[in-house]
Amino acid sequence: MGNIFYGIEPSVYKSQINVPYQWWAGETASKFFMVLRDDKKILGKQCPRCGKVYCPPKKTCPSCFTETNSWKEVGPKGKLISYTIVLRQLAALQKKVPVAFGLICIDGADNAMLHYIGDVDVNNITIGMEVEAVFADDRNATINAISHFKPLT
Amino acid sequence: MAKRRVAIVGTGQTNHKSHRPDVNGQELIHEAVVRALQDAELSINDIDAILIGNMDHFEGINYVDCWSIDGSGGYHKPIMKLTTGGTTGSTLAIGGYHFVASGMFDKVLVIGWEKNSESDTTGAITTAFDPIWDRLVFAGAISGLAVEAQSYMAKYGATDRDGARVSVRDRKHACNNPYAQLRKEVTLEEVLASPMLADPIHLLDVCPRTDGACAVVIASEDCAETITSTPDWIWATANRHTYSYLGDVNWGELDSIADASKELFKKSGINEPRKQINVIEMYQPYSLAGIIWIEDMGIIPRGKGAEYIWSGATDMGGELPINPSGGVIACNPIGATGLIRCAEAAMQVMGKAEGRQVPDVNFAVSTGFGGCMWTDMILHGKNKPNL
Ligand SMILES: [Zn+2]
């Protein structure tokens, strides 16, 4: 192998992009998170046109382009739509592997919510299984007010 | 070359504010889209394609084209994102023009938005500069503008007091615009006494940070006149970039707007812009640019810009009103800002500018400006252009 840098000292400048953010959740998401934190209740929001109940809630129904207008209590049970199991401990993971990510259609809702599947041997997770929200003991107004969903069977 | 004529047939914008904690980005976008569709009396089903854009790194969200669907109405539609820094909004308008002029789409919805309150503007803008040469020794937006102002002042003897006169004008105009963020008159003395941010730019000389969105509906000549009896015809667009590195810029003159103006006016047969153009909505992020850039545009001879501003010619009621909306100094949701200039110019041509309407507008110009001194321009007209 020839020395491609013969006669020069290659100069590499290492850095990182450092931009702080603060994202406003907006009134719709804020109400959902406050009720989740304070009352351990899961809310969906219904489109007056097509009748779909969204959980996570949406201010506007994307298929009708209509503002949703009524809150409905949904869950805390739901059905697992799909899932994956992460086995490699990547830096972005906040839990120890194996970690199961699931898409949960909460009972009473028409869309699905992303969350962890826990309290289960990951090998026993199946699509279609019934799950239930487990609330965190120490809850803030984020999606982590739910610790995870646990299978009921 | 355009295959057919194109017009703006509806505009909408949010009531821009420093912070919008009541909505997330998608919900903010939705407000502008609903207003634009209402203005055009169209439904989202009438829209063939969507162009959307905002500033890279400002909200830290990639693939905004996809992420924004809940707000944009883009469900099952072709969507593309355009982002070109400060000019994002004007580039979106030019992109929408291309989409329709090419014959590919009949009705295009163009959306520019920003939630400037969600990040650090200087931190995000610094990522536009070269990491090896410029980023370590230079930061943010205001420094480049101050360098431009210093260079111009050294060449032509203008002062920060001349700049302050532009700020007084724009801030007064903003009082007529219910959508502008800052609607408060200021005096020359107040501008000059405000904190110096980067010599010679005082706090009241420069744009704020804003949360806001703007949407514009662009239609082909086949349907424009059935949508509205007063379409805003796009006569020409121009876009110029000049350099990669700050050290290569011809400081004190904005070459990109000079060259873009030449193209715009040549395409449209405008040989006396000062007489033929009735109103300008200029992407003017700080006050002295309002003097420098009208010289570069060929409206006023070099070195005469300040005198022209002091004469009142660019105030409402003057020979050539500039920024009836209050412009960028009064309101700056950056990814929307260039599109707001375009929408405001369109409203002037369509006779829909209400309390900020300039009478009898035949031609209006809107511009966009971006960091390393690049420019977008659009010429708007009341009558149909020649193809
Ligand atoms: Zn619906």
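When region A:19-48 is filtered for residues that are more than 9 Å from chain B (Cβ to nearest Cβ) and assigned to a loop (DSSP other than H, G, I, E, B), the ones remaining, listed by number, are A:40, A:41, A:47, A:48.
Just so you know, in region B:204-236 the residues that are open to solvent by less than 10 Å² (accessible area, probe 1.4 Å) and polar (S, T, N, Q) include one that is farthest from residue B:46 (Cα to Cα), and it is B:210.
Of all the residues in region B:99-133, those that are charged (D, E, K, R), open to solvent by 20 Å² or more (accessible area, probe 1.4 Å) and within 12 Å of another protein chain (Cβ to nearest Cβ) number 2.
Return the only residue of A:146, A:81, A:127 being more than 16 Å from the ligand (Cβ to nearest atom), closer than 25 Å to residue B:71 by Cβ and not charged (D, E, K, R).
A:81
Residues that are touching a Lys or Arg at 6+ places or on another chain (Cβ under 6 Å), crowded, with 24+ Cβ neighbours inside 10 Å, more than 14 Å from chain A (Cβ to nearest Cβ) and closer than 14 Å to residue B:334 by Cβ occur at least once in region B:53-71. Please verify whether residue B:345 is open to solvent by less than 10 Å² (accessible area, probe 1.4 Å), in contact (Cβ under 8 Å) with a residue 12 or more places away in the chain and either farther than 23 Å from residue B:4 by Cα or in a helix (DSSP H, G or I) (or both), treating the condition exactly as stated. Here the answer is yes, as residue B:345 does meet what is asked. The single condition from (1) more than 16 Å from the ligand (Cβ to nearest atom); (2) in contact (Cβ under 8 Å) with a residue 24 or more places away in the chain; (3) surrounded by fewer than 20 Cβ atoms within 10 Å (Cβ to Cβ) that residue A:32 fails is (3).
Among the residues of region B:15-32, is there at least one that is under 24 Å from residue B:234 (Cβ atoms), within 14 Å of chain A (Cβ to nearest Cβ), in contact with a Leu (Cβ under 8 Å, 6 or more places away or on another chain) and of a type in the set (Gly, Ala, Ser)? So far as region B:15-32 goes, no, none of its residues is under 24 Å from residue B:234 (Cβ atoms), within 14 Å of chain A (Cβ to nearest Cβ), in contact with a Leu (Cβ under 8 Å, 6 or more places away or on another chain) and of a type in the set (Gly, Ala, Ser). Please work out if residue B:190 is touching a residue at least 24 places away in the same chain (Cβ under 8 Å), away from chain A (no Cβ under 12 Å) and part of a helix (DSSP H, G or I). Here the answer is no, as residue B:190 does not meet what is asked. Scanning region B:44-102 for residues that are closer than 24 Å to residue B:129 by Cα and without any contact (Cβ under 8 Å) to a residue 40 or more places away in the chain yields a total of 6. Listed by first and then second residue, the pairs with beta-carbon distance under 8 Å, at least 6 apart or on different chains, first residue in region B:359-375 and part of a loop (DSSP other than H, G, I, E, B), second acidic (Asp, Glu), are B:373/B:148; B:373/B:255. From the list B:120, B:205, the lone residue that is acidic (Asp, Glu) and in contact (Cβ under 8 Å) with a residue 12 or more places away in the chain is B:205.
Counting only helices (runs of 4 or more DSSP H) that sit wholly inside region B:29-108, those with at least 2 residues that are hydroxyl-bearing (Ser, Thr, Tyr) are B:88-101. With respect to residue A:45, determine if the residue is under 21 Å from residue A:142 (Cβ atoms), within 16 Å of the ligand (Cβ to nearest atom) and touching a residue at least 12 places away in the same chain (Cβ under 8 Å). So residue A:45 fits the description; yes. All conditions but one from (1) at negative phi; (2) open to solvent by less than 40 Å² (accessible area, probe 1.4 Å) apply to residue B:140; the one that does not is (1).
The values are calculated or read from the model by the stated rules, or taken from the named source; none is laboratory data. Just so it is clear, the structure is predicted and the values come from calculations on it, not from any experiment. Heads up, the Cβs are rebuilt from the backbone with ideal geometry, glycines too, and the neighbour counts pull from every protein chain shown. SASA here: full protein model, heavy atoms, side chains in, ligands and nucleic acids out. Shrake-Rupley method; radii C 1.70, N 1.55, O 1.52, S 1.80 Å.
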